[in-house]
Amino acid sequence: MGCGSCSTGGGCTPNGCKSNGSCGTGGCQTMEVHDWLSNLDMPSNYKPFQVTEIKFKGSRKEFFLNNDNIYLEIGELVAVEGPSGGFDVGHVSLTGELVRIQMKRRKTALDQVTKKIYRKATEADVEKWNAAKGMEWETMHKARKLALDLRLQMKISDVDYQADKTKATFFYTADGRVDFRELIKKMAESFRIRIEMRQIGMRQEAGRLGGIGSCGRELCCSTWLTNFKTVSTAAARYQNLSLNTLKLAGQCGKLKCCLNYELDTYLDALKDIPDRIENLDTEAGYARHQKTDIFKKIMWFSYQGDENWIPVKAARVKEIMAMNKAGKKAPNLKEEAVQIAAPVVVEKSFDYENVVGQDSLTRLDERSRNKNKNNSQKNNRNNNQNRRDRVPAGEKNTAPNNKPQQAQHGGQKPQHGGKPQGQKPQQNTGPKPQQVVPKPQHVNGPKPQNNKPKQQQPQGQKPVVAKVEGSVAAEGTKPEQSKNKNRNNRRKNNNRRNNNNGSENKPAAE
């Protein structure tokens, strides 16, 4: 079916030949018919059929005479005679003897075909045709606006321009008759062309506009379906479908055309199943009909007060109904129940790794939750480390020796004779005695040495060593801790200098 220039023949052009050649794939246009006689050898004295089928926009197809015997292939663009003068451009949809069969199906006589094919479309014809098609969208919206201004109960769904821009056909849908004489006058003044108004049904409108059905494929009316048969709700009843209008209706608002596709098969299967099924009179009581499997020809019944359904063959149901008409009761249906085998579940083995089934749908939420939890724990650790760094190093290392230092400082206070006059009381001589040790050494520089003998230090306490920076550190302390202590002492001493106005030259009492 494919040619060398389409996707099926290994070419680079997708979806049919796009007028690069002739193929039967139907990719170039919808409503295509495969010419299965094209590869057959015709007799030597055979004269080709002069009528050719040409397809135009939508589902419109017409027959034209090929009096000049122009060699035409399916999918080619040709210039043909317009319906009311001028010329139009369309695609060749069918040629040869199949056109004769198509004319018989449509009940079209050969004498009724009067319009003829002029030539194969030239570049000038194609440019005019494309320009005319480009005006259709804007023209349709302008016509809709004019119809709304006149308050007409109609919907203009499509516009079809002739290739020579001399005529435009407007397709509309309406519930009843519409007086559009005033509308035609205004459109003729606005567009300056001959106008034809054509009313179509909802199904034809859906076929012209196209779309995707609930099955996931293109609409049948826009691809291959040309004639529309009536569809009734009886087709849904025969197929045991629920009478839900939302599921049975298509995009056109009418019942789906596909309800008629399998209707004949269901009607053939229903011949062996009784039509009007009444309650069966048995020895165990009346059995009520519940459901029917049409193709397996099995019917389910249940007794009153019993939730179990009993499967019975349709042929046996007919026999029981004949017995009930004769005034006889049938035996218990449980004795004649059909043994239905349980469905066998076959585990499918995939040749690929099922990645989707391994992870849960909330896997991303769990990752973000764990990430936030780890970040909070990390922040808590950093905060704790910062708190430890802010605590003076001497507070940790000299904690066991605080009491002896307090005793030492307590004995040194009488040597200075108490607090000097005129000096403001110190603010940071508060509850932490271990912080009092370095305070007097930074207020006024190095501590003045006294000639009086110092008190003996308690046993077990290591002597305090004074460094160049003026800080006191116990032996055995780490250099980092002494640095932190010095930094904190500098900050505290700066605060004391701000508080001790005019008393910097006086020694501070320990």
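Among the residues of segment 61-92, just one is of a type in the set (Ser, Thr, Tyr) and over 27 Å from ILE195 (Cα atoms), namely TYR71.
Taken over segment 217-252, the criterion of being basic (Lys, Arg) and under 23 Å from TYR266 (Cα atoms) is satisfied by LYS229, ARG237, LYS247. Sub-6 Å Cβ pairs linking a first residue in segment 277-298 that is assigned by TED's automatic domain parsing to the domain that holds ALA322 to a second residue that is of a type in the set (Lys, Arg) and assigned to a strand (DSSP E or B), at least 6 apart or interchain, are ASN279/ARG288, ordered by first then second residue.
Taking the conditions (1) assigned by TED's automatic domain parsing to the domain that holds ALA236; (2) over 22 Å from ASN240 (Cβ atoms); (3) not hydrophobic (A, V, I, L, M, F, W, C) in turn, LYS329 satisfies each one other than (1). Step by step: first the residues of segment 239-255, then only those that are buried (at least 16 other Cβ atoms within 10 Å of the Cβ) and free of Cβ contacts under 8 Å to residues at least 40 places away in the same chain, then the one that is nearest to LYS107 (Cα to Cα). Which residue is that? Only one residue fits best here, namely LEU255.
Would you confirm whether or not segment 371-391 contains a residue that is surrounded by 10 or more Cβ atoms within 10 Å (Cβ to Cβ), more than 28 Å from the chain's Cα centre (by Cα) and at pLDDT below 65? Looking through segment 371-391, at least one residue is surrounded by 10 or more Cβ atoms within 10 Å (Cβ to Cβ), more than 28 Å from the chain's Cα centre (by Cα) and at pLDDT below 65. Take the residues of segment 86-123 that are closer than 16 Å to TYR71 by Cα and among the small types (Gly, Ala, Ser): which is surrounded by the fewest Cβ atoms within 10 Å (Cβ to Cβ)? Within segment 86-123, the match that is surrounded by the fewest Cβ atoms within 10 Å (Cβ to Cβ) is GLY96. When residues in segment 86-103 are screened for being closer than 21 Å to LYS47 by Cα and part of a strand (DSSP E or B), 3 of them pass. Looking only at residues that are of a type in the set (S, T, N, Q) and not in a loop (DSSP other than H, G, I, E, B) in segment 104-157, which one is nearest to the chain's Cα centre (by Cα)? Taking the candidates together, the pick is SER157.
When residues in segment 158-177 are screened for being charged (D, E, K, R) and outside any loop (DSSP other than H, G, I, E, B), 3 of them pass.
Hey, SER222 hits all of (1) part of a helix (DSSP H, G or I); (2) surrounded by 15 or more Cβ atoms within 10 Å (Cβ to Cβ); (3) modelled with pLDDT of 90 or more but one; which does it fall short on? The number of the failed condition is (3). If only residues of segment 256-275 that are more than 22 Å from CYS221 (Cβ to Cβ) and exposed (fewer than 11 other Cβ atoms within 10 Å of the Cβ) are counted, the one that is modelled with the lowest pLDDT is ASP275. When segment 63-85 is filtered for residues that are buried (at least 21 other Cβ atoms within 10 Å of the Cβ) and either at pLDDT below 90 or more than 27 Å from PRO43 (Cα to Cα) (or both), the ones remaining, listed by number, are ILE74, GLY75, VAL78, ALA79, VAL80. Yes or no: CYS252 modelled with pLDDT of 90 or more and under 30 Å from LYS291 (Cα atoms)? So CYS252 does not fit the description; no. Against the condition loosely packed, with under 15 Cβ neighbours inside 10 Å and part of a helix (DSSP H, G or I), how does LYS229 come out, does it pass? No. For segment 296-344, the set of residues classified as surrounded by 14 or more Cβ atoms within 10 Å (Cβ to Cβ), among the small types (Gly, Ala, Ser), under 50 Å from the mean Cα position of the chain (by Cα) and not in a helix (DSSP H, G or I) consists of SER302, ALA337, listed by residue number.
The values are calculated or read from the model by the stated rules, or taken from the named source; none is laboratory data. This one's a predicted model, so the numbers in the text were calculated from it and none came from an experiment. Methodologically, a virtual Cβ is constructed for each residue, glycine included, from the backbone with ideal geometry; neighbour enumeration extends over all protein chains shown.
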